[in-house]
Amino acid sequence: MNQNAPFRARAEIDLAALRDNVRALRAMAPRAAVMAVVKADAYGHGMVPCAKAALAAGATWIGTATPEEALALRAAGIEGRVMCWLWTPGGPWREAVEADLDMGVSDLWALGEVVHAAREAGRTARIQLKADTGLGRGGSQPADWAALVAEARAAEATGSVRVTGLWSHFACADEPGHPSIAAQLSVFKDLVAYAEKEGINPEVRHIANSPATLTLPETHLDLVRTGIAMYGISPSPELGTPADFGLRPVMTLKASVALVKGVPAGHGVSYGHHYITDTETALGLIPVGYADGIPRNASGRGPVLVGGAWRRVAGRVAMDQFVVDLGPDGADRVREGDAAVLFGPGDQGEPTAEDWAEAADTIAYEIVTRIGARVPRVHLNELDELNE
């Protein structure tokens with residue numbers, strides 16, 4: 001997309017910032033490999049360009065949630081280690097085996113399906129056994145770990161699989177000092193020790209997500225999985241701002257002002273008239289709405305930089321648009337076609353994704369990830385990423 005072309009809305013993705021973020025994260029975990037997590041279209045940033053940029057900056061693993069995401073990376077020419085972990089029965093196991101993916105396995109049913117796929121393909125499948133150390137989502141419970149390890153070891157003996165990793169996931173790493181952090185790490189180390197005693201020889205052991213990578217060096221082990229931090233967003237305000245960790249937000253969301261008009265005092269704005277003008281004023285129409293991922297529950301609160309000043313959403317966010325009150329002199333300061341910046345790094349005075357998260361009572365992860373497909377991603381500072 002031509003950066004200078006007229007636009008309704010666009011999300012500008014600064015790949016130079018992403019590369020710098022990956023380098024910063026590598027420096028925080030100097031003895032561990034870095035997995036760049038690009039699930040959910042790279043948290044809304046564009047999966048393939050972000051994966052290439054992360055690899056160019058020194059990440060050695062790519063992580064996705066679903067096998068379909070991982071297979072799409074292979075189809076786009078992404079080589080090297082790619083791991084996926086969110087499986088359901090009947091998934092594309094054989095395709096994953098043939099694509100040399102590393103596959104997360106949490107239970108005996110999944111191990112059975114991957115062994116069957118490996119035999120059909122005539123190849124050894126790479127798997128990583130996941131332990132539930134306290135999060136209560138995917139992963140084998142400690143009580144079931146011995147059975148999973150035994151079956152995996154037996155499958156290794158037949159050449160059907162190779163256990164390349166042992167891993168788990170924190171529940172509260174974004175809450176400094178939470179007692180579950182030490183408890184989960186202790187359980188994980190015990191389960192790893194058991195698996196290794198039984199003959200499992202993994203390449204990598206990993207439990208650290210973004211917040212653990214930033215603040216818990218004792219959890220880094222062989223590999224850290226960096227998701228939201230790679231995109232320059234802090235996992236939690238309690239941990240610090242992106243700048244505190246030397247990170248820069250990668251996405252800037254802009255829209256073109258569609259209409260500026262004067263209205264009298266007492267004029268209702270948007271559905272339900274939850275906003276009524278106090279005085280004669282100018283309204284600006286911003287042509288994005290909840291169909292584009294703008295959270296409706298930020299109605300009346302969502303911040304926008306337009307005409308050199310912060311404005312708040314006036315009234316309700318609609319499906320395709322929302323309104324801001326530009327003030328009595330707004331028509332003199334703002335014209336149709338001017339840029340309205342919803343969020344970005346914040347260094348030009350614009351709001352950040354965290355500001356929108358506060359306005360919508362959610363987390364910044366959701367703000368960037370939910371930006372819809374009809375908002376084009378414009379990737380800036382894109383290089384021949386794999387040959388940088």
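Which cross-chain or sequence-distant (5 or more) residues have an amide H under 5 Å from the amide H of ILE62, H modelled 1.01 Å from N in plane?
For ILE62, whose amide H was placed from the backbone, the distant partners under 5 Å are ALA36, ARG81, VAL82, MET83.
Using a Gaussian network model of the chain with C-alpha springs under 10 Å, which one of ALA72, ALA318, ALA298 is most mobile by mean-square fluctuation?
Its mean-square fluctuation being the largest, the pick is ALA72.
Tell me which residues come under 5 Å, amide H to amide H, from ARG162 once H is placed; ignore anything under 5 positions away on its chain.
Sorted by chain and number, the residues that satisfy this are ALA125, ARG126, ILE127.
Ignoring ligands, DNA and RNA, what accessible area per residue does the range 1-154 give at 1.4 Å, in Å²?
On the way: 6130 Å² over 154 residues.
Ligands and nucleic acids excluded, the result is 40 Å² per residue.
Who wins for biggest fluctuation among HIS267, HIS45, HIS206 in a Gaussian network model of the chain, springs between alpha carbons below 10 Å?
HIS267
Looking only at the range 94-233, where both bridge partners belong to it, what percent of the DSSP beta bridges are antiparallel (to the nearest 5)?
Details: 0 of 15 bridges.
Restricted to the range 94-233, the bridges split so that about 0 percent are antiparallel.
Take the Cβ-Cβ distance between ARG23 and LEU86 as r, set R0 to 45 Å, and report the resulting FRET efficiency rounded to the nearest 0.05.
Details: r = 28 Å, r/R0 = 0.63.
Between ARG23 and LEU86 the formula returns 0.95.
To the nearest 20 debye, what charge dipole does the range 308-352 have about its Cα centre, counting +1 at the Cβ of each Lys and Arg and -1 at the Cβ of each Asp and Glu? List each step's numbers first, then the result.
Details: 5 positive and 8 negative charges, 35 e Å.
That gives a dipole near 160 debye.
Which of TRP85, MET47, ALA75 sits farthest toward the positive end of the charge dipole of the range 1-139, with +1 on the Cβ of Lys and Arg and -1 on the Cβ of Asp and Glu?
After comparing all options, I get MET47.
Please report the antiparallel percentage of DSSP beta bridges with both residues in the chain, rounded to the nearest 5. List each step's numbers first, then the result.
Details: 28 of 60 bridges.
Counting DSSP beta bridges with both partners in the chain, the antiparallel share is about 45 percent.
Report, in debye and to the nearest 20, how large the dipole of the range 171-321 comes out about its Cα centre when Lys and Arg carry +1 and Asp and Glu carry -1 on their Cβ. Let's see the in-between values first.
Details: 12 positive and 14 negative charges, 140 e Å.
The dipole magnitude comes to about 680 debye.
In whole Hz and in residue order, list the ³J(HN,Hα) couplings for the range 166-182 that follow from phi through the Karplus curve 6.51 cos²θ - 1.76 cosθ + 1.60, θ = phi - 60°; x for Gly and Pro.
10, 7, 7, 9, 6, 8, 9, 5, 8, 10, x, x, 4, x, 5, 5, 5
Select from the range 310-363 those GluC sites (Glu not before Pro) which occupy a DSSP coil region and have at most 15 other Cβ atoms within 10 Å, ordered by residue number. Walk me through the numbers on the way to the answer.
Values: sites: GLU336, GLU354, GLU358; in loops: GLU336.
Of the GluC sites (Glu not before Pro), the ones in loops of the range 310-363 whose Cβ has at most 15 other Cβ atoms within 10 Å are GLU336.
Just how many pairs of Lys in the chain have C-alpha atoms closer than 23 Å, counting pairs that are eight or more places apart or on different chains?
Working: LYS39/LYS52; LYS39/LYS130; LYS130/LYS189; LYS130/LYS197; LYS189/LYS197.
Going through the chain pair by pair, I get 5.
Using a probe of 1.4 angstrom, how much of the accessible area of the range 105-182 is carbon and sulfur, in percent?
51 percent
For the chain, what does -39500 (n - 2.57) per DSSP helix run (n ≥ 4), summed and divided by total residues, give at 222 nm, in deg cm²/dmol to the nearest 500? Write down the numbers at each step before the final one.
Details: 12 runs with 118 residues, N = 388.
Dividing the helical sum by the residues of the chain leaves -9000 deg cm²/dmol.
Using only Cα atoms, tell me the angle between helix 108-121 and the longest principal axis of the chain; keep it within 0 to 90° and round to the nearest 10.
Taking Cα atoms only, the helix is inclined about 80 degrees.
Between THR124 and TRP109, what is 0.36 nm times their sequence separation minus the Cα-Cα distance? Round to one decimal in nm.
The THR124-TRP109 span can extend by a further 3.6 nm.
Along the charge dipole of the chain, which of LEU25, GLY240, ILE200 sits closest to the positive end, that is, farthest toward it, with unit charges on the beta carbon of Lys, Arg, Asp and Glu (+1, +1, -1, -1)?
ILE200
Compute the acute angle (0 to 90°) between the alpha-carbon long axis of helix 47-56 and the principal axis of greatest extent of the alpha-carbon atoms of the chain; round to the nearest 10°.
70 degrees
Suppose every Lys and Arg Cβ carries +1 and every Asp and Glu Cβ carries -1, with no other charges. What dipole size does the chain come out with about its Cα centre, to the nearest 20 debye? Before the final figure, lay out the partial values.
Details: 35 positive and 48 negative charges, 73 e Å.
In total the dipole reaches around 360 debye.
Where Lys and Arg each count +1 and Asp and Glu each count -1, what net charge lies around LEU380 among other residues with Cβ under 9 Å from its Cβ? Write down the numbers at each step before the final one.
Working: positive: none; negative: GLU12, ASP14, GLU382.
Here the count lands on -3.
Put a dot 7 Å past each Cα toward the Cβ at ALA193 and ALA99; how far apart are the dots in nm?
3.8 nm
Given the options ALA265, GLY139, ALA314, identify the residue whose Cα lies farthest towards the positive end of the charge dipole of the chain (+1 on Cβ of Lys, Arg; -1 on Cβ of Asp, Glu).
The one lying farthest along the dipole's positive direction is GLY139.
The values are calculated or read from the model by the stated rules, or taken from the named source; none is laboratory data. Every value quoted in this text rests on a predicted model; they were computed, and no experiment measured them. We place every Cβ from the backbone using ideal geometry, glycine too, and count neighbours over all the protein chains shown. Calculation scope for accessible area: heavy atoms of the full protein, side chains included, ligands and nucleic acids excluded. Shrake-Rupley method; radii C 1.70, N 1.55, O 1.52, S 1.80 Å.
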